[in-house]
Amino acid sequence: VRDSIKLSLQELLTNVFDHSESEIGCFVCAQFTPKSQLIRLSVTDFGIGILNSLRKVKEYSTVIRTSHEAITRAVEEGVSSRKGKAGLGLSHIHRFARVNQGTLTVISGDGKVNFYSKSLERRPMPIVTAINNLTIVTVQL
């Protein structure tokens, strides 16, 4: 699990620098709650968003119309705004959350998608509207 968490964080950071075009990079927060064995990773950037990133690719430019659609497609293996060996980052994180019975929440632009949203927490997550892209992975060990 430790290696998968490390790889997930690396993939999230790589996505920021490869796709977001954020001038200030990103912010990373991590939290571990020993009593509940809950890990939460959060990566936030102020980039162009998943929809705008995918729209740069000819095959997606007219097919993907909303931020919600872009998020849903972005977790599919091979979907990327880059050519070559790409499109593995969010698909790995998506699979990691599913296998570990966790959750994955992706917010980009005006879209928000909860994957495997079996709630591991009792409080609702606040949405900060000034943030363009937010990815949260929550896993109970």
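The values are calculated or read from the model by the stated rules, or taken from the named source; none is laboratory data. Predicted model only: the values in this text are computed from it and were never measured. Cβ placement follows ideal geometry from the backbone for every residue including glycine, while neighbour counts extend to all protein chains displayed. Note: accessible area is taken over every heavy atom of the protein model, side chains too, but ligands, DNA and RNA are not part of it. Shrake-Rupley method; radii C 1.70, N 1.55, O 1.52, S 1.80 Å.
For first residues located in segment 1-30 and surrounded by fewer than 16 Cβ atoms within 10 Å (Cβ to Cβ), partners that are part of a helix (DSSP H, G or I) and among the aliphatic types (A, V, I, L, M) and lie 6+ apart or on another chain with Cβ distances below 7 Å form the pairs Gly25/Val16.
Take the conditions surrounded by 18 or more Cβ atoms within 10 Å (Cβ to Cβ), part of a helix (DSSP H, G or I) and of a type in the set (Asp, Glu) and apply them to Glu59. Does it pass? Against the criterion (surrounded by 18 or more Cβ atoms within 10 Å (Cβ to Cβ), part of a helix (DSSP H, G or I) and of a type in the set (Asp, Glu)), Glu59 does not qualify.
Of all residue pairs spaced 6 or more apart or on separate chains, those with beta-carbon atoms under 7 Å, a first member in segment 32-50 that is in contact (Cβ under 8 Å) with a residue 60 or more places away in the chain and of a type outside the set (Gly, Ala, Ser) and a second member that is part of a loop (DSSP other than H, G, I, E, B) and open to solvent by 50 Å² or more (accessible area, probe 1.4 Å) are Gln37/Leu141; Ile39/Leu141; Phe46/Ile24; Ile48/Glu21. Could you please let me know if Glu21 is of a type outside the set (Gly, Ala, Ser) and more than 11 Å from the chain's Cα centre (by Cα)? For Glu21, the condition - of a type outside the set (Gly, Ala, Ser) and more than 11 Å from the chain's Cα centre (by Cα) - is met.
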